[in-house]
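The values are calculated or read from the model by the stated rules, or taken from the named source; none is laboratory data. Only a predicted model underlies this, so the values are computations on that prediction, with no experimental measurement involved. We place every Cβ from the backbone using ideal geometry, glycine too, and count neighbours over all the protein chains shown. Areas reflect the complete protein model, heavy atoms only, side chains present, ligands, DNA and RNA absent. Shrake-Rupley method; radii C 1.70, N 1.55, O 1.52, S 1.80 Å.
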Amino acid sequence: MPKVIAAFARSFVRAAGFSLETDGTIRSGETIVYSLSTGTGDHIDAEAFYGLLEWITRRQPRRLTLVEAYANALKVDDLGILGLALKTAPTLHASLKRLERYHRLLTDTAIYRLDECPGQSRLVLHQTTPDDASRALRTECALGGVARKTACFAQQALELSAVTFRHHCVGDPKDYEAFFGCPVSFGCNEDAIVFPEQTLRLPNRLGDAAVSDFLTQHLDRELDAFAPENPIRADALRRLSTALSTGVPQAAELAAQMGMSERTFFRRLADEGTSFRDLVREAQASLARDLLAHSDVSIAEVAFLTGFAEQSTFGRAFKRWVGQAPAQFRMSRSGKSHPTLAGTAQRLAGRADTMAPAAF
């Protein structure tokens, strides 16, 4: 069962103007207005967390208001040792690398990836759980929280190049640009913050390499002890999902990235009741559903981004996976029969940057 650190739930509850008790009850003053079925230890079940967000959203329908309140309510110190390691990292780049590596200690519902290219880098957020009504809110709050907190780390004003979201905007895009302080685009290929190179080199206000290294050693021990169900399968799926836009990787290549031989990789997948072919199909199907439901990329682009050379081949495969053709699936989820020409032209113009492979 996917988990989420309770600090995220408390921040959302504070952002909505309520208080969250240790027994899972949520109060407005002295009145109980909601109750989490799982209570609140260090982590809570993702399903209960998503239900909480849907309940909060019904009481505050203006999403950006919640995003701004959440970004202010989230305290880095509430993230424990990881929060301290982020603050004391010597540079913003070092902070983001720690977020990329250790975020799984906070939740297994999403992962971050730092794609480094000449002149700029993208911090990409990838949701690992199935779609639900709270997905867009979670994504905006996650990137909004990162933008707000990294601005607090730096010794000088933080400059962002752009922010991109896969889903469509439900408010005024100009309000989002005012919040993030940079251009914000919706209906894109990925959920990401784009940092200029000079911003990543900024020293952190509380940067102390010795302290941060000490803390990361502790985090490494926690990571070593962190054993999710089906670890090889989960790790392989994460890597496949972020690599498909450059083509389906060879099993030997993926195994080498994971520090094992191809033979060992196949054996461990078999031990977990799956195969490399099954993982590729699962990663492609999940990414395709996500792109069709939450972006306006063309079906040809979806085929490309999921590792298919031909749109027709993708279409036949997708219909086998979900029982619907891609266009039918998109219409059933969004009511749109085709993407906007302007949005597609804009993405095609920036494809060289968007498709840059991850450096790590």
Quiz prompt | Antiparallel bridge percentage (DSSP; both residues within the chain; nearest 5) | solution = 95 percent
Self-check item: Cβ-placed point charges (K, R +1; D, E -1), dipole of segment 182-327 about Cα centre in debye, nearest 20
Solution: 500 debye
Quiz prompt | Cα lying deepest toward the dipole's positive end in the chain, options 292, 139, 49, charges on Cβ | solution = 292
Quiz item: Karplus couplings for segment 300-317 from phi (6.51 cos²θ - 1.76 cosθ + 1.60, θ = phi - 60°), rounded to Hz, Gly and Pro as x?
Solution: 4, 5, 4, 4, 4, 5, 9, x, 9, 7, 10, 5, 5, 5, 4, x, 5, 5
Self-check item: Burial ranking of peptide ranges 30-36, 51-57 (average Cβ count within 10 Å, highest at the top)
Solution: 51-57, 30-36
Quiz item: Quick one: Cα centre-to-centre distance for segment 310-333 and segment 37-104, in angstrom?
Solution: 35 Å
Quiz prompt | Tensor-based shape of segment 226-299 (alpha-carbon gyration tensor, a/c under 1.5 rounded, otherwise prolate or oblate) | solution = prolate
Quiz item: Amide H to amide H under 5 Å from residue 117: which residues, 5+ apart in sequence or cross-chain, H placed 1.01 Å off N in plane?
Solution: 122
Quiz item: In whole percent, how big is the carbon plus sulfur part of the accessible area of segment 41-122, probe 1.4 Å, protein atoms only?
Solution: 51 percent
Quiz item: Using a simple charge model, +1 on the beta-carbon of Lys and Arg, -1 on the beta-carbon of Asp and Glu, nothing else, what dipole does the chain show about its Cα centre, in debye to the nearest 20?
Solution: 640 debye
Exercise. Count neighbours as other Cβ atoms within 10 Å of each site's Cβ, and list the trypsin sites (Lys or Arg not before Pro) in segment 156-234 that are DSSP loop with at most 16 such neighbours.
Key: 201, 205
Quiz item: Does segment 167-210 classify as rounded, prolate or oblate by the C-alpha gyration tensor (a ≥ b ≥ c root eigenvalues; a/c under 1.5 gives rounded; else a/b over b/c gives prolate, otherwise oblate)?
Solution: prolate
Self-check item: By accessible area with a 1.4 Å probe, ligands and nucleic acids excluded, highest first: order of 333, 138
Solution: 333, 138
Quiz item: Rounded to the nearest 0.05, what FRET efficiency is calculated for residue 322 and residue 214 with R0 set to 56 Å and r the Cβ-Cβ distance?
Solution: 0.70
Quiz prompt | Cα shape, segment 120-265, gyration tensor, a/c 1.5 rule | solution = oblate
Practice problem: For segment 257-314, compute Rh as the Kirkwood radius over C-alpha pairs and then the Stokes-Einstein diffusion coefficient at 37 °C and 0.692 mPa s; write the answer in µm²/s, rounded to an integer. | Solution: 253 µm²/s
Quiz item: Along segment 185-190, what does the Karplus equation 6.51 cos²θ - 1.76 cosθ + 1.60 (θ = phi - 60°) give for ³J(HN,Hα), rounded to whole Hz, x for Gly and Pro?
Solution: 10, 10, x, 9, 6, 8
Quiz item: Non-local amide H neighbours of residue 182 (under 5 Å, H modeled in plane, Pro and chain starts lacking H): which ones?
Solution: none
